[in-house]
Amino acid sequence: MAFHPLIRRFVTDRSGAALVEFALALPLMILVSFISIDGLRLMWSYQAATAGVHEATRYLARVAPGDICETGGTLTSFDATLFTIVDGAGSGQSVFSRDAELMGVTTSLACVTDAGLRQARVPVVTVSADLQMFLPLHQVFSRLAGPNAGIFTARIEEQARVYGL
């Protein structure tokens with residue numbers, strides 16, 4: 001019966017309550033921090049892709065021939081250069097995080113008539129980029145709901161009038 005007062009004192013003692021509460025809350029705080037940081041990296045990758053598509057569209061509007069509608073040319077020769085611009089790989093390394101991947105860059109040409117400009121047919125280019133992003137904890141989602149559950153694909157497009165050289 002000598003242990004009885006020790007057990008009673010242990011049960012009523014509150015001196016370690018803060019440590020126990022912290023130990024219970026720490027995994028949740030780490031999880032929220034991880035998801036926040038990973039989500040911010042995805043937003044940064046999306047913004048980098050948007051800026052890259054903008055720069056690629058501006059580039060194409062300047063270097064494509066201004067009379068491309070009359071001559072019937074194509075824009076496929078610019079695809080590799082536009083991919084490099086969007087990927088930001090001028091330095092040899094992509095600007096995207098490990099959770100985002102640039103799948104491809106495509107171009108299209110439209111000859112707009114009756115635009116109210118000096119030209120009868122105005123060339124307008126569209127640059128599109130497909131970005132595949134892996135959501136935070138995508139491996140958990142893929143195991144629970146299928147292989148593509150934690151993957152998000154975004155298409156970013158921008159148009160510009162071709163001014164030519």
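The values are calculated or read from the model by the stated rules, or taken from the named source; none is laboratory data. These figures come from a predicted structure and were not determined experimentally. Glycine also receives a Cβ, built like all others from the backbone with ideal geometry; neighbour counts cover every protein chain displayed.
Some points to look at:
- Region 138-165 residues that are touching a residue at least 40 places away in the same chain (Cβ under 8 Å) and hydroxyl-bearing (Ser, Thr, Tyr), paired with ones that are surrounded by 13 or more Cβ atoms within 10 Å (Cβ to Cβ) and in a loop (DSSP other than H, G, I, E, B) (beta carbon under 7 Å, 6 or more apart): TYR163/GLY66
- None of LEU102, LEU82, LEU135, LEU109 is surrounded by 15 or more Cβ atoms within 10 Å (Cβ to Cβ) and touching a residue at least 60 places away in the same chain (Cβ under 8 Å) except LEU135.
- Residue selected from region 85-98 under the condition at pLDDT below 80 and within 13 Å of the chain's Cα centre (by Cα), by the criterion surrounded by the fewest Cβ atoms within 10 Å (Cβ to Cβ): ARG98
- Single match in VAL127, VAL122, VAL105 (criterion: more than 29 Å from the chain's Cα centre (by Cα), in a strand (DSSP E or B) and among the aliphatic types (A, V, I, L, M)): VAL122
- In region 8-48, the qualifying residues are those that are more than 41 Å from the chain's Cα centre (by Cα) and part of a helix (DSSP H, G or I), and the one that is farthest from VAL95 (Cα to Cα) is ARG8.
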